[in-house]
Amino acid sequence: MPPEPSAEKRALLEAYEAALQQPSRFASGPSPKRPFGFLTVISVLALVAIGAWLFAKRPDWVFARGRPPQSAAIREASLRLAMAAQYERIERFRDSAGHLPTRLADLGQVTGNLTYTTTQFGGFVLEGADSTLQLTLRSDDSLRTFVGNSYEVVSRRGAP
């Protein structure tokens, strides 16, 4: 004969049997639907009013108008860096292929408004334009001098 269960086990068994005897509250079907409360109606109306106001007024703190226009110094520095990157790509192409590319598209995707022409003496001219700004970089120009402090100007962009 098995030993007598402890008092805790007997209480647990009795609670289990009592739970089996009670009808389930889910057996009668879903609970009846309650109508919307007053607080719910007021909250929905407030949200609709706020949404309509935001849509009509379009405040800047909600609808960002995009980036602010860049200064002339930042535009120039960005153009100089784009041209320097393209200059280096041209030189890498010349080193690997033994000749200059016939067009910039031979190097891959062209960034910015750049034009490229070869000279009769085995050099090239790279021209870049950005609205009112126009720069020229020749293959015999010093790249360090052309770039100047452009890295510092661009890195300070957005700093107060």
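Hey, S142 hits all of (1) within 27 Å of Q70 (Cα to Cα); (2) within 31 Å of the chain's Cα centre (by Cα); (3) not hydrophobic (A, V, I, L, M, F, W, C) but one; which does it fall short on? It is condition (2) that S142 fails.
Beta carbons closer than 6 Å, at least 6 apart along the sequence or on distinct chains, pair a first residue in the range 99-119 that is over 24 Å from L133 (Cα atoms) with a second that is modelled with pLDDT under 85 and surrounded by fewer than 16 Cβ atoms within 10 Å (Cβ to Cβ) for P101/L107.
Scanning the range 86-95 turns up one or more residues that are at pLDDT 80 or above, under 30 Å from E152 (Cα atoms), exposed (fewer than 10 other Cβ atoms within 10 Å of the Cβ) and out of contact with any Gly (no Cβ under 8 Å at 6 or more places or on another chain). Considering only residues that are among the polar types (S, T, N, Q) and under 19 Å from P101 (Cα atoms), which ones fall in the range 126-153? Result: T136, S139. The set of residues in the range 113-139 being under 31 Å from the mean Cα position of the chain (by Cα) and surrounded by 12 or more Cβ atoms within 10 Å (Cβ to Cβ) consists of N113, L114, T115, E127, G128, A129, D130, L133, L135. Restricting attention to the range 94-133, the residues that are in contact with a strand residue (DSSP E or B) (Cβ under 7 Å, 6 or more places away or on another chain) and of a type in the set (S, T, N, Q) add up to 5. Taking the range 40-63 as the range and being modelled with pLDDT under 90 and over 30 Å from the mean Cα position of the chain (by Cα) as the test, the residues that pass are T40, V41.
The values are calculated or read from the model by the stated rules, or taken from the named source; none is laboratory data. Bear in mind the structure is a predicted one, so any value in this text is a computation, not a measurement. With ideal geometry, Cβ positions are generated from the backbone for all residues, glycine too; neighbour counts draw on all protein chains shown.
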